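Written out below as structure tokens is the structure these notes cover.
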Amino acid sequence: MNDDNGFLGFSRPDLDREYSPSSVVPSLDVYLHEYAVRSAKARQRQRPMADIRYGAAAEARLDLFLVDGDDAPLMVFVHGGYWQAVSKEESEFAATDFTSAGIAFAAVDYGLAPGYSLDEIVRMVREAVSWLHANARRFGIDHRRIHFSGSSAGAHLVAMSLIDDGRAAGAVLLSGIYDLEPLRHTHVNDALALSIDDAVRNSPIYQLPKRLPPVVIARGGVETGEFIRQHDTMAALLRQRTEVTEVVCAERNHFDLPYDLGDPRTSLGAAVLARIKEPDVVLSGEG
């Protein structure tokens, strides 16, 4: 049943709770503070090239942590925050793990709702993807070895970028949202104002092409049932199209899972680093 009182058999309060990942952790503020502190430490260790413009909008900026040498791989991170919170400044905590492994790192900013529609946000992140491919050589980055990662709403934006641009060497999707229709029936839509058409157009599960680059898809063991369902649905669809590495980190939740992104001591970090370091990555459409 689908009405204003609920969706997917949930009452409205229960559906709001299912799409509030903070409902299964003691405090969201603790993680938001830790993101900022860890990211600031990463910037102190290695000063990035900050606020590089990739588009015309004021928010169309990224920070780039470079490594020595030419033809380095690059990991790009797109933050979450339900398309309406957080910024690149709180999303650089993984930079040191990657640069220590000889991998450049970029954190992408984008405009937030309600100031920007979801269509505009998706378009902006796609613009960042295109800009990075076009300008990689300027920074000693191999354009054939650019990987994209995102957490929660960031995973959604990365998935939408893969649909539009087949040049990525790989992707990492963490605790993502891939079917937006349920969100229309929650508090999240207060800022997004999604129509049915908006939700379908911006749902990766309805847009996936037949071929995709290799994907690492991961979630925490401590997630709501709806986030687990979203993960399982996307993983099954991806397996029909590409090589998939699925990781479920039993002790991690929606908010601390990204800490493992480039950490070789963790199952997620080991899988991601192994994928990036594969010597035979070939872009779709290139021989």
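Key figures
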item: Meets criteria (in contact (Cβ under 8 Å) with a residue 24 or more places away in the chain and surrounded by fewer than 18 Cβ atoms within 10 Å (Cβ to Cβ)) for GLN230; result: no
item: Test: TYR110 is surrounded by 24 or more Cβ atoms within 10 Å (Cβ to Cβ), out of contact with any Phe, Trp or Tyr (no Cβ under 6 Å at 6 or more places or on another chain) and at negative phi; result: yes
item: Output for region 59-103, where each listed residue is in contact with a Phe, Trp or Tyr (Cβ under 7 Å, 6 or more places away or on another chain) and hydroxyl-bearing (Ser, Thr, Tyr); result: SER91, THR99
item: Which listed residue, of VAL122, VAL129, is outside any loop (DSSP other than H, G, I, E, B), surrounded by 17 or more Cβ atoms within 10 Å (Cβ to Cβ) and touching a Phe, Trp or Tyr at 6+ places or on another chain (Cβ under 8 Å); result: VAL129
item: Residue that is surrounded by the most Cβ atoms within 10 Å (Cβ to Cβ), among those in region 1-35 that are assigned to a loop (DSSP other than H, G, I, E, B) and either in contact with a Phe, Trp or Tyr (Cβ under 6 Å, 6 or more places away or on another chain) or modelled with pLDDT of 95 or more (or both); result: TYR19
item: Number of positions in region 169-181 that are surrounded by 24 or more Cβ atoms within 10 Å (Cβ to Cβ), small (Gly, Ala, Ser) and farther than 17 Å from TYR19 by Cα; result: 2
item: Of all residues making up region 185-219, the number that are in a helix (DSSP H, G or I), farther than 30 Å from SER267 by Cα and in contact (Cβ under 8 Å) with a residue 40 or more places away in the chain; result: 5
item: From the options ARG241, ARG275, residue that is in contact with a strand residue (DSSP E or B) (Cβ under 7 Å, 6 or more places away or on another chain), of a type in the set (Lys, Arg) and surrounded by 14 or more Cβ atoms within 10 Å (Cβ to Cβ); result: ARG275
item: Options ALA94, ALA42, ALA107: the member that is of a type in the set (A, V, I, L, M), within 25 Å of GLU223 (Cβ to Cβ), touching a residue at least 40 places away in the same chain (Cβ under 8 Å) and in contact with an Asp or Glu (Cβ under 6 Å, 6 or more places away or on another chain); result: ALA107
item: Number of positions in region 69-102 that are among the β-branched types (Val, Ile, Thr), surrounded by 22 or more Cβ atoms within 10 Å (Cβ to Cβ) and more than 30 Å from GLU120 (Cβ to Cβ); result: 1
item: Contacts under 8 angstrom Cβ, first residue in region 1-15 being of a type in the set (Phe, Trp, Tyr), partner at pLDDT below 55, 6 or more apart; result: PHE7/MET1
item: Residue list for region 23-33, filter: within 20 Å of the chain's Cα centre (by Cα) and in contact (Cβ under 8 Å) with a residue 24 or more places away in the chain; result: LEU28, TYR31, LEU32
item: Filter result (touching a Gly at 6+ places or on another chain (Cβ under 8 Å), modelled with pLDDT of 95 or more and at negative phi) within region 149-166; result: GLY150, SER151, ALA153, GLY154, ALA155, HIS156, LEU157, VAL158, ALA159
item: Region 53-68: number of residues that are within 29 Å of LEU180 (Cβ to Cβ) and buried (at least 19 other Cβ atoms within 10 Å of the Cβ); result: 6
item: Residue satisfying condition, being assigned to a helix (DSSP H, G or I), of a type in the set (A, V, I, L, M, F, W, C) and over 13 Å from the mean Cα position of the chain (by Cα), within set ALA168, ALA134; result: ALA134
item: Region 64-85 residues that are farther than 21 Å from ASN135 by Cβ, paired with ones that are surrounded by fewer than 21 Cβ atoms within 10 Å (Cβ to Cβ) (beta carbon under 6 Å, 6 or more apart); result: GLN84/LEU112; GLN84/ALA191
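The values are calculated or read from the model by the stated rules, or taken from the named source; none is laboratory data. Small disclaimer: the values here were computed from a predicted structure and weren't measured. As a convention, Cβ positions derive from the backbone with ideal geometry for all residues, glycine included, and neighbour counts pool all protein chains shown.
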